[in-house]
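Presented below is the structure to which this report refers.
Here, each number is a calculation from the coordinates, and none is a lab measurement. This structure is a prediction, so every number in the text was calculated from the model and none was measured. Heads up, the Cβs are rebuilt from the backbone with ideal geometry, glycines too, and the neighbour counts pull from every protein chain shown.
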Amino acid sequence: MKKIPLFLLCLTISSPLFADGRPNILFLFSDDHALRTIGAYEGSINQTPHLDRIAREGAIFDRSFNVNSICCPSRAAILTGKHSHANGITGNGSAWNSKQWVYSRELGKAGYQTGLIGKWHLKGNPTDEFQHWEILSGKSGQGSYYNPKFLSGSTGESKVEGYSTNIITDKALDWLENRDPQKPFLLCANFKVPHIHRIPSPTHMGGYDGIEIAEPNTLFDDFSSRQPFVKDTWMGLKGMKEGVLNIAPSKSDLEKNPDLTPKFLKEMTVAQRDVWHTAYDSRNREYRRLKKAGLLEGQAGFRYTYQRFIKDYLRCIDGLDENVGRLLAYLDEAGLTENTLVVYSSDQGFLTGEHGWAEKRWMYEESFRSPLLMRWPGKIKPASRISALVQNIDLAPTFLTAAGLGVPDEIHGRALQPLFADAIPADWRKDILYTYYDGGTPEARGSYNMPRHMGVRDSRYKLIHFYDYDAWEMYDLKEDPRELSNRFSDPAYQDEVAQLKQRLEDLKKHYDLPEPPALKKKKKRKH
Ligand code: CA
C-alpha cells in the first residue's frame with residue numbers, strides 16, 4: 001500500500017470533502033457596483049445582508065481602486081495583474097490577446113479546477129484562460145437580463161430562460177456540485193448587475209415604492225471648481241432616456257398597439273412581461289401625470305429621474321445580494337466555508353447621482369474606488385477594516401500566493417496577504433497610478449465626450465492630469481472628500497502639487513508607461 005503523507009492524512013480526517021489542502025477561491029464579481037449601495041460601506045443607502053456577511057466574517061477594503069475605471073480594462077487588469085498599457089486593454093474597444101499571461105491559467109496548471117461563469121466582456125472569447133467557461137453572449141458581450149444567451153467552449157451558444165443573476169448563480173452552483181472534490185477550485189461568478197439598462201429580477205421589481213432614497217449631496221454640483229470641459233461630458237442623469245429608466249407603454253396600451261413594444265420587453269416571456277407591467281405600469285402612469293402637469297421641470301425632474309434610476313439600481317443589487325447568499329449557503333452546506341477564500345468586487349465603482357452623473361470612467365472617488373470584500377477563515381480576522389491603498393492588479397498575485405505559487409516579476413500588482421496583519425507593512429505602496437484612455441477633445445471626441453486623463457492618489461491627495469488640454473485638478477481628500485474644491489492653483493497647496501507631479505513622473509517611469517497615443521480626429525457624434 002502506498003504510504004500517505006502525514007499532512008494529507010490530517011487533512012483527510014479534518015476535511016473529508018477536500019484532499020489537497022490549498023484554499024479554494026470563489027471570486028464574485030459584478031459590473032458598476034457603487035460602494036454606497038453595499039451595507040458594509042460607510043454612507044450606505046441600502047441593506048445587503050449577504051455581502052455584509054463577507055465583510056463581517058472577513059475584511060472590508062476602504063481604499064480599493066481600479067487602474068482604469070471602465071469594464072474591459074478592469075477585467076483585463078484583474079486577469080493579468082498589470083496596468084492597461086501592459087496588457088493591451090486600454091479601452092472598451094481593445095482586442096484581447098488570449099495568449100498573454102493570466103493568473104487563472106497558472107492556477108489551472110498548478111492543479112486547480114478553474115471556471116468562469118457570466119460576464120466576460122473582452123473583445124475576443126476566452127480560449128484556455130479557464131478550463132471551463134460559460135459566458136454571456138450577445139449585445140457586445142453584455143448579455144440580456146432576461147432569457148440571456150450563453151456561450152461555452154464545449155457546448156456552443158444557447159439561450160437560457162430566466163433572469164441573468166439567478167442563472168449565473170444556478171450555473172455556478174451546478175459547477176461546484178459537479179466539480180472534482182479532490183482538487184481545489186477557482187470559480188469566478190461574474191454578474192451583469194447593476195449595469196445599464198437595469199431590469200430587476202421578478203422577485204425584486206416591486207421594492208422601494210412609496211419611499212424616497214437619499215440623494216447624494218453633490219447631486220446639483222455646479223462644477224465651478226473643475227476644469228471647464230468636465231461639465232460637458234455626456235453622463236448626466238438628466239440625459240437618461242425613458243427606456244433605460246423602465247418608462248414604457250402600459251400593458252393595455254401595448255395590447256392596442258403592439259408595434260410600440262420596446263426591445264427589452266420583446267425579450268421576455270409573457271409571464272415575465274406580466275410581472276414587469278404589474279411593477280411598472282402604475283409608476284409610469286404617475287410619471288405621465290406629473291409630466292403632463294408640468295411637475296417634472298428643472299430640479300424636480302432631475303430629482304424624479306434620480307429616484308427612478310436609483311430604485312432600479314437598488315432592486316438589481318437586491319437580486320445580486322440574494323444570489324451571493326445562495327453561494328455562501330452552498331459553501332456552508334458543503335463544508336467548504338473554512339477552506340475557501342471568498343472575494344467580492346466589481347469592475348469599478350459607479351457615480352450614482354454624485355455630480356449629477358450616472359456613469360464611471362473618472363478618477364473621481366465614486367468610480368475610481370471599487371468595492372472589495374474578502375473572507376478567508378483563519379487567515380483574515382473577522383471584521384477587519386483595511387485602509388491600505390490597493391488596486392485591482394493586486395488580485396492576481398493574491399490568488400497566486402494563496403495557492404502557494406510565486407508571482408512573476410512582470411506583474412504590477414502585489415499580493416494583499418501582508419495586509420491581513422494588524423498594521424500596514426512599512427514597505428507598502430504610498431500612492432497609486434490611474435490611467436483612462438477612452439477619451440478625447442472637441443476635435444477628436446472620445447466616448448461620452450470624456451477627456452483622457454491620468455493621475456496619482458496617495459492616502460490624502462489626488463492629482464489629475466488632463467493631458468490633451470494640459471489641464472490639472474488637485475484635491476485634498478481629507479478636507480474635501482467629495483472633491484468639490486480644486487486646489488491645483490491654490491498657493492497654500494503648491495508644495496503638495498509639486499510633490500504629486502514628481503510622484504506621477506516616478507510612477508510613469510516605474511510602470512514603464514509610454515506616452516499616450518495621438519488622438520485621431522473623428523466625425524462629431526451625436527449624444
Ligand atoms: Ca463596468
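Based on C-alpha pairs under 8 angstrom that are at least 6 apart in sequence, the chain has a relative contact order of 23 percent.
Excluding Arg503 itself, calculate the net charge of residues whose Cβ lies under 14 Å from the Cβ of Arg503, where each Lys or Arg counts +1 and each Asp or Glu counts -1. Here the count lands on +2.
The alpha carbons of the stretch 369-527 give a radius of gyration and a Dmax of 18.6, 57 Å, in that order.
In this structure, the pairs whose alpha-carbon distance is over 20 Å, taken from Lys241/Lys266; Lys231/Lys501; Lys109/Lys379, are Lys231/Lys501; Lys109/Lys379. Modelled label positions at Lys238 and Phe420, each set 7 Å beyond Cα in the direction of Cβ, lie 5.0 nm from each other. In a fully extended conformation the segment linking Gln131 and Glu410 would gain 98.1 nm over its present Cα-Cα distance, using 0.36 nm per residue. On the principal axes of its alpha-carbon atoms, the stretch 234-308 has extents of 37, 28, 20 Å, going from largest to smallest. The base-10 log of I(q)/I(0) for the chain, evaluated at q = 0.05 Å⁻¹, reads -0.20 [Debye formula, identical scatterers on Cα atoms, solvent excluded]. Annotation for the stretch 230-330: trypsin sites (Lys or Arg not before Pro) lying in DSSP loop with at most 15 further Cβ atoms inside 10 Å of their Cβ are Lys241.
Seen from Phe488, the other residues with C-beta closer than 14 Å to its C-beta sum to a net charge of -4, counting Lys and Arg as +1 and Asp and Glu as -1.
Computed from phi, the 3J(HN,Hα) profile of the stretch 406-422 under the Karplus parametrisation 6.51, -1.76, 1.60 (θ = phi - 60°) reads x, 10, x, 4, 5, 6, 7, x, 9, 4, 8, 3, x, 7, 6, 6, 5 Hz, with x in place of Gly and Pro. Sequence-distant contacts, meaning Cα pairs under 8 Å at least 6 residues apart, place the relative contact order of the stretch 95-247 at 20 percent. Based on the Stokes-Einstein relation at 10 °C and a viscosity of 1.306 mPa s, and on the Kirkwood radius from alpha carbon pairs, the stretch 363-460 is assigned a translational diffusion coefficient of 101 µm²/s. Note on Gln499 and Glu161: with the Förster distance fixed at 60 Å, the Cβ-Cβ geometry gives a FRET efficiency of about 0.55. Per-residue extension of 0.36 nm, minus the Cα-Cα distance of Ser44 and Ser282, leaves a gain of 82.9 nm for this segment. Using the rule -39500 (n - 2.57) for each DSSP H run of four or more residues, divided by the residues of the chain, the 222 nm mean residue ellipticity is -9000 deg cm²/dmol.
For the stretch 117-176, the Kirkwood estimate of hydrodynamic radius, built from reciprocal distances between every pair of different alpha carbons, is 11.5 Å. D by Stokes-Einstein for the stretch 182-339, Kirkwood Rh over Cα pairs, 4 °C, 1.567 mPa s: 70 µm²/s. Here is the size of the stretch 57-136 from its Cα atoms: Rg then Dmax, 13.3, 39 Å.
Strictly greater than 17 Å: what percent of every Cα pair in the stretch 432-510 meets that? More than 17 Å apart: 47 percent of the Cα pairs in the stretch 432-510.
Near Leu173: Cβ cut-off under 15 Å, other residues only, Lys/Arg at +1 and Asp/Glu at -1. The net charge is -4.
Once R0 is set to 35 Å, what does the formula 1/(1 + (r/R0)^6) return for the Cβ-Cβ distance between Lys379 and Asp180, expressed as a FRET efficiency to the nearest 0.05? According to the calculation, E is roughly 0.90.
The calculated FRET efficiency for the pair Ser154 and Asp222, based on their C-beta separation and a Förster distance of 45 Å, comes to about 0.25. Projecting label points 7 angstrom from Cα along Cα→Cβ for Lys109 and Tyr467 puts them 3.2 nm apart. For the stretch 146-156, putting each phi into the Karplus relation 6.51 cos²θ - 1.76 cosθ + 1.60 with θ = phi - 60° gives couplings of 10, 6, x, 8, 10, 10, 10, x, 9, 10, x Hz, in residue order, rounded to whole numbers and with x for Gly and Pro. Less than 5 angstrom separates the built amide H of Trp472 from those of Phe466, all sequence-distant by 5 or more or on a different chain. Within straight-line reach of Lys430, meaning a Cα separation under 14 Å, sit the following aspartates and glutamates at least 8 residues removed in sequence or on another chain: Asp458, Asp506.
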